[in-house]
Amino acid sequence: MRDFQRVVTAFAVGAAALSIAPAGAQGLLTAPRISAALANEAVGAAVASCAAQGYNETAVLVDTDGVVQASLRGDNAGIHTLDSAHDKAYTAVTFKRDTIAMTPGETDVLMSRLPHLLRAGGGVVIKSGPAVLGAIGASGAPGYQFDDACAKAGIQKIMDRLK
């Protein structure tokens, strides 16, 4: 009988808590997130842009929390490109700026102590107006400026649908 009373009491307390919670759930945050379809399209366009130039590229798109939304390893892209593309995207979204624009010194302490930060061209922030929606990282081209251009090609492919 005592267990039954505990269950009934717990139920009553839970029901009371729900009844006084505001309908709009004021404690919840909403953040814009790129859909899976657009994320896949962006990484596909980034890899295709590099492939058209003869580069074996990987592209990774992360959301504002640095969580992978989409990833594509292009044909013949090296295994290391998966990690470096991810880390470039993660770094760009962490600092809310493109990795190619980061200068030595400004982030050195963090770069040496925190995992997954990589200050190398190819990490590009995705924005809609002032709002950061995520970032795309590209890796595998024979130079950071080429990785950067391929990442930007991926963003350009979906930009008109991010408004």
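Couple of notes before you dig in:
- Taken over segment 43-70, the criterion of being touching a strand residue (DSSP E or B) at 6+ places or on another chain (Cβ under 7 Å), over 18 Å from R97 (Cα atoms) and among the small types (G, A, S) is satisfied by G44, A46, A70.
- Annotation note: of N56, N40, N76, the sole residue that is over 15 Å from G140 (Cα atoms), of a type outside the set (F, W, Y) and surrounded by fewer than 22 Cβ atoms within 10 Å (Cβ to Cβ) is N40.
- Residue list for segment 65-115, filter: more than 15 Å from the chain's Cα centre (by Cα), at pLDDT below 95 and either among the acidic types (D, E) or part of a helix (DSSP H, G or I) (or both): I100, A101, E106, D108, V109, L110, M111, S112, R113
- Residue within segment 127-140 that is closer than 16 Å to V62 by Cα and free of Cβ contacts under 8 Å to residues at least 40 places away in the same chain present: yes
- Search result, residues across segment 141-163 that are over 16 Å from the mean Cα position of the chain (by Cα), assigned to a loop (DSSP other than H, G, I, E, B) and touching a residue at least 24 places away in the same chain (Cβ under 8 Å): A141, P142, K163
A quick yes/no check of all residues on (1) assigned to a helix (DSSP H, G or I); (2) of a type in the set (A, V, I, L, M, F, W, C):
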| residue | (1), (2) |
| --- | --- |
| S49 | yes, no |
| G54 | no, no |
| L117 | no, yes |
| A120 | no, yes |
| K127 | no, no |
| L133 | no, yes |
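The values are calculated or read from the model by the stated rules, or taken from the named source; none is laboratory data. These numbers were taken from a predicted model, which means no experiment stands behind them. Reconstructed Cβ throughout: ideal geometry from the backbone, glycine too, with neighbour counts over all protein chains shown.
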